[in-house]
Each structure stands twice: as C-alpha cells, then as structure tokens.
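**Q** Take a look at this one; I'll ask things after.
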Amino acid sequence: MEYKSDTISAISTPAGTGGISVLRISGEKAIDVVSEIFSAKKSLHTIPSHKAVFGKILDGKKLIDEVIVTTFRAPHSYTGEDVVEISCHGSIFITNKILEMLLQKTRLADPGEFTQRAFLNDRIGLTQAEAVGDLINARTRISHLAALQQFEGSLRHRIEKLLDKITEYRTILELEIDFPEQGLEDLDKKNLKENLNILLQEMEQLAKTGTEGIILKEGLRVSLVGAPNVGKSSIFNAFLETERAIVTPHPGTTRDYLEEAISLKGYLVRFFDTAGIRDTSDDIEKIGIQRSYEIIKESHKVLFIIDGKENRKEYEKLKELVESARIIKVLNKVDLLKEKEIQSFEENDFIPCSTIQKNGLQKLKEVILRNIEISEDELHSGILTNTRQIAAVKRAVDSTRKAIDSLQNDLGYEFTAFDLKEASTALEEIIGKITTDNILNQIFENFCIGK
Ligand SMILES: Nc1nc2c(ncn2[C@@H]2O[C@H](COP(=O)(O)OP(=O)(O)OP(=O)(O)O)[C@@H](O)[C@H]2O)c(=O)[nH]1
Ligand SMILES: [Mg+2]
C-alpha cells in the first residue's frame, strides 16, 4: 500500500457536546501547523515530547478557546510520526472551528488512518490494528477481554507458532528436493506425516474459535418465536427488565420484530421479539411473519415458546428453517397449568417458565449461554474474531490437507512443499507479513475517523 505521508487531522472524540473534545494531528507538519494557531508561554517547538501545555487557540487575534496541547515526537507516538493532540472545551462549534483551521494546512484523515499509519510504521501488528477497532466497539466485559487479548498479541503468537512449525517441515522437504540422493528415511517420512497431522489439528482448532469469536464481538442473536399470544413479548421484556415491547391479551399484538441487546454474564446477547406465527389474511401481519422467518434463519439460538398447547405444526415449520440444536423449547404461563401437564412437557425437553410469577427465567438465561461460553484460558491463547481471519485459516487448513494427501500418495515432495508454502502464505496474511491494498482497505474502512 502506498504510504501517504502528508499531515492529517481529525476530531477523535464522538460528535456532540461533552466536557472536552480531542483533535489529533499527525505528520511532518503537525507541530508547525498547530504552532501557527496556538499561543502559549513557550513555543511548541521547544516543548519536550509527551508534555502537555496550556495555551490559547487564536483565529488571527480572535480567541477561540483555552486548550491543552500535547506533542508526541516521532517515532515515539501512536502513528510513529509527529503527533499533536489538542484538548479543547467539548462544544460542537469550538471543535469544528479548530478542525476547520487545521484543515487549511492539513488533510482530513480517512477512517482508521491514524491506526493504519501505526501499522505501516511498524508501531503495531495487523492483528493488533484490527483489535484497536474491536476495543473501541467493545460493549461488554467479554468482548473487551477478547479485543484486549488480541491487542496484546495472543493471536499473533498463536499464528507465529504455527508458522514456525510449517517452516521447519518445509526445510526438511526442501533439503530432500535439493539433495535427493540422501533419501528421506522411512522413519522420517512417517514422522513428518504425523507432525503434519498434528499441525492440521491445531489449525482446525483455531478455525473453530472463529464462530465463538464473532459471537463474542457482534453478539449472540437470540430470537423469540412461536404462535401469537404465547408470551414472546412478555419474556422479551423480562430479559430486558423494561416494558420495551407492547404486551396485550390480543393475539397478533407484535407486528414487526424488535431488537434489544443486553449483557448476560458479560456476553453481548441480542434479543429479537418477533410477530406470532399463524395463517392470516392481514397484509401487514403477513409481512411481519415473513420478517420473523428471516430473523429466525439468522439466529444463533431460537426460543420456541408455547403456552400449554402442543403447537406441533409451528415446531415442524421451525425445524425446516433452523437445525434442532439451535432451538430451545420453552413452556410459558406455567402458572396456569397443572403440575402433571408441566411434567409431561418437561419430559419433552421444554423449559418451564412464567413471566407473571417470574420463575424459570434464570434457567433460560443459562441455557441460552450454553456452548458459547469460552474459557478465559482459550481467550488468552488467541482466537479468531472476524471473517477475514477465519477465511485465511480455512485456506491454510485446506492447503495443509492437500500437503498431507500428496505426501501420503507419494506425489513428490515438491507438491507437499508447495502446499505448505500456500498454508504459510494464508497465515502470514493474518498477521500482516503479507498484505495487499485490498486487505488493508477492508480492515480500516470499518474504523471511525480520528482513530
Ligand atoms: N398467566 C400468564 N399470562 C402471561 C404470561 N406471560 C404472558 N402472559 C399474558 O399473555 C398475553 C400475551 O402476551 P404477549 O407477551 O403479548 O404475547 P406474544 O407472544 O408476544 O403475542 P403476539 O405479539 O400477539 O404474538 C398477555 O395478556 C400477557 O399478560 C404468564 O407467564 N402467565
Ligand atoms: Mg408480542
């Protein structure tokens, strides 16, 4: 990627009014440009790096604000270039006015451009750069932990270990290709095969972490589904602990789906309350039900709710849309049912609850989190958290499988070496040893301006 070394500036704090706002300027001219509009006891040029100074921002002779300015001189800054940060009063007018003044001599930063420069200047690795975006977006304890782990380099270490192994096996093969007369002993070949199989397992293990990693970051999607009036919206409200959805005794109350997120034991869980599923001639309700189906298909978990009737037809329909493993069967309104009736549903794996008596909801929450809880040990060892990383590891897995096949079928060591090189390339892409403009654009376009 072509490195643009011009000086950039941006507002780094969110748009709106706050106690303070921070503007950031990075590049060769950063200190010069700020000096021109900043007046303090000493010139910015003489102030040591990493020191904050108090002064005034002036537009000509007109006072705009009293501010604190901090300089970070290259290479000891976030981007590796000269960086200046201006903390001003958090008024939209003041912040925009200062930005406008800066933009007369600098360019507005692209989204993520500060972090992109940090990467291009070797201040941080690629997985770390991605983690910066995740850190900013982390909304719960676990997503914060996952982002922090990646930022600290856990994923990079895990990938580097795999790469070391591949290099070792490639060296053995290259030696054999260059000096065939020495001949790989049968024992060595068997050994190599075993090692490649272990490597494959380790890669598959890593690939598997991606599903959980994405859930940690983007949230577990849980939909509440069932016939009208069974209490979907009531359960939705109970989880959120607010009266978010309208609840009435009339079937067909919820027309369009509602989405709200909560943190369950530190996990981000996104609940979707949907329109009750039934045959209807009402056009609006039909569209709502169609949307329910779409939500169901994209859910990680589906709570199939009934209120004492079998609802066999609805359940069969649901099974056409999602695999049974994702369905959690719930029997609501148990306050209206007899003990015997409840028992027979329990025998069929229904979890009993009542939003009126407020029981069974705790158990439901536990079942929702089942199978997605990730141990902190696993988090520390480095997990995949986005589709780019997952796709690359899958390519590495495929290439390693091919390498094992070619070795098994005696196709020639060149083939095995070639496949292993492919596996290496795929893994190197993840940690940024190999990058293309495409990869970088994909990573940084999701950032906000000012980071
Ligand atoms: N007895 C009893 N009534 C309940 C319980 N949960 C909900 N209800 C009542 O059942 C009725 C329907 O509840 P909703 O939550 O609106 O049901 P829904 O499944 O969202 O219905 P639609 O939006 O029409 O599909 C309301 O009158 C609720 O007060 C419960 O645990 N026990
Ligand atoms: Mg409803």
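**Q** For segment 131-156 and segment 382-426, what is the separation of their Cα centres, given in Å?
**A** 27
**Q** Quick one: 3J(HN,Hα) in Hz for segment 234-250, Karplus 6.51/-1.76/1.60 with θ = phi - 60°, rounded, Gly and Pro as x.
**A** 5, 5, 3, 4, 5, 5, 7, 6, 8, 8, 5, 9, 6, 10, 9, x, 8
**Q** For an R0 of 60 angstrom, estimate the FRET efficiency from the Cβ-Cβ distance between Glu294 and Asp122 and round to the nearest 0.05. All intermediate terms of the calculation are to be shown ahead of the outcome.
**A** On the way: r = 45 Å, r/R0 = 0.74.
Once the sixth-power term is evaluated, E becomes 0.85.
**Q** If you stretched the chain out fully between Asp437 and Lys161, how much longer would it get, using 0.36 nm times the residue separation minus the C-alpha to C-alpha distance? Please report the intermediate quantities before stating the final value.
**A** Values: separation 276, 0.36 × 276 = 99.36 nm, distance 2.60 nm.
Stretched out fully, the Asp437 to Lys161 stretch lengthens by 96.8 nm.
**Q** Roughly how far apart, in whole Å, are the Cα centres of segment 57-93 and segment 266-320?
**A** Segment 57-93 and segment 266-320 have Cα centres separated by 53 Å.
**Q** Give the calculated FRET efficiency between Ala325 and Glu100 to the nearest 0.05, with a Förster radius of 51 Å applied to their Cβ-Cβ distance.
**A** On the way: r = 56 Å, r/R0 = 1.09.
Approximately 0.35, to the nearest 0.05.
**Q** On to the next question. Could I have the simple spin-label model distance between Glu194 and Ser344, label points 7 Å from Cα toward Cβ, reported in nm to one decimal?
**A** It works out to 5.9 nm between the two label points.
**Q** Another question, if that's okay. Could you tell me the calculated FRET efficiency between Ser263 and Leu411, based on Cβ-Cβ distance and R0 = 51 angstrom, to the nearest 0.05?
**A** Details: r = 52 Å, r/R0 = 1.02.
The computed FRET efficiency comes out at 0.45.
**Q** I need the peptides 276-284, 29-37 ranked by packing, meaning the mean over residues of other C-beta atoms within 10 angstrom, with the highest value on top. All intermediate terms of the calculation are to be shown ahead of the outcome.
**A** Details: 276-284: 13.6, 29-37: 20.6.
Per-residue Cβ counts within 10 Å, averaged per peptide and sorted highest first, yield 29-37, 276-284.
**Q** Counting only C-alpha contacts under 8 Å and six or more residues apart, can you give the relative contact order of segment 218-369 as a whole percent?
**A** Details: 270 pairs, mean separation 37.2, N = 152.
So the answer I get is 24 percent.
**Q** Work out how much length Glu66 to Arg141 would gain on full extension: take 0.36 nm times their residue separation and subtract the Cα-Cα distance, in nm to one decimal.
**A** On the way: separation 75, 0.36 × 75 = 27.00 nm, distance 3.65 nm.
23.4 nm is the gain from fully extending Glu66 to Arg141.
**Q** Quick one: compute the contact order of the chain, relative version, from alpha carbon pairs under 8 angstrom and 6+ residues apart, as a percent. Mind dumping the intermediate values first?
**A** Details: 759 pairs, mean separation 79.0, N = 451.
Computed over the chain, the figure is 18 percent.
**Q** Kindly work out what percent of the DSSP beta bridges joining two residues of the chain are antiparallel, to the nearest 5.
**A** Details: 34 of 53 bridges.
Taking every DSSP beta bridge within the chain, about 65 percent pair in antiparallel fashion.
**Q** For the modelled label position 7 Å from the Cα of His250 along Cα-to-Cβ, which residues of segment 280-317 have backbone nitrogen atoms closer than 19 Å?
**A** Only 280-289 fall inside the zone, counting backbone N under 19 Å.
**Q** Order of 235-241, 79-85 by packing, highest average Cβ count within 10 Å first? All intermediate terms of the calculation are to be shown ahead of the outcome.
**A** Working: 235-241: 19.6, 79-85: 23.0.
Top to bottom by mean Cβ count within 10 Å: 79-85, 235-241.
**Q** Contour minus end-to-end for Gln201 and Ile20, with contour as 0.36 nm per residue of separation and end-to-end as the Cα-Cα distance? The partial results should precede the final answer.
**A** On the way: separation 181, 0.36 × 181 = 65.16 nm, distance 5.08 nm.
Taking 0.36 nm per residue and subtracting the Cα distance, the gain is 60.1 nm.
**Q** Under the Karplus relation 6.51 cos²θ - 1.76 cosθ + 1.60, θ = phi - 60°, what is the ordered set of whole-Hz ³J(HN,Hα) values for segment 347-356, x standing for Gly and Pro?
**A** 4, 9, 6, 7, 9, x, 7, 8, 7, 6
**Q** Using Cα pairs closer than 8 Å and at least 6 residues apart in sequence, work out the relative contact order for segment 94-161, in percent.
**A** Details: 34 pairs, mean separation 15.5, N = 68.
Value for segment 94-161: 23 percent.
**Q** Is there a pair in Lys4/Lys62; Lys232/Lys319; Lys161/Lys265; Lys61/Lys105; Lys217/Lys433 whose C-alpha atoms are over 22 Å apart, and which pairs would that be?
**A** Violating the 22 Å Cα-Cα cut-off are Lys4/Lys62; Lys161/Lys265; Lys217/Lys433.
Laboratory data are not the source of any read-out in this text; all were calculated from the coordinates shown. It should be emphasised that the depicted structure is a prediction, and the values quoted were computed from it without experimental measurement. We place every Cβ from the backbone using ideal geometry, glycine too, and count neighbours over all the protein chains shown.
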